[in-house]
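Only one structure is covered here, and it is reproduced in the block below.
The values are calculated or read from the model by the stated rules, or taken from the named source; none is laboratory data. All values reported here derive from a predicted model rather than from experimental measurement. Cβ: placed from backbone, ideal geometry, glycine included. Neighbour counts: every protein chain shown.
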Amino acid sequence: MSDLSPIEEQFPRLVLEILAFWGTPSCFEKLQNLLVDNRGGRHGFPADVYSDLSMLLNIVPRPKGPYDIWNDAMDADPSA
């Protein structure tokens, strides 16, 4: 069994791309764009890679835009 993640094993170039934009203001949008076919005709990622990309999208802060009550509800502390 490999110590590499599915992304590292199957898409090493993508790992370098993610590292380049990780922590930047556009990080959330760029990860989101990887998961959604905006250009049409893409095959998509294998399930294990998609799952890892989704996890990364969940841990990166969402950009704050105009006030949106639904964004606040998603950011709310569930233990409060």
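Tell me which residues, restricted to the range 1-36, are among the β-branched types (Val, Ile, Thr) and surrounded by fewer than 14 Cβ atoms within 10 Å (Cβ to Cβ).
Within the range 1-36, Thr24, Val36 qualify.
Assess whether Asp48 counts as being charged (D, E, K, R), modelled with pLDDT of 90 or more and surrounded by fewer than 14 Cβ atoms within 10 Å (Cβ to Cβ).
Yes, satisfied.
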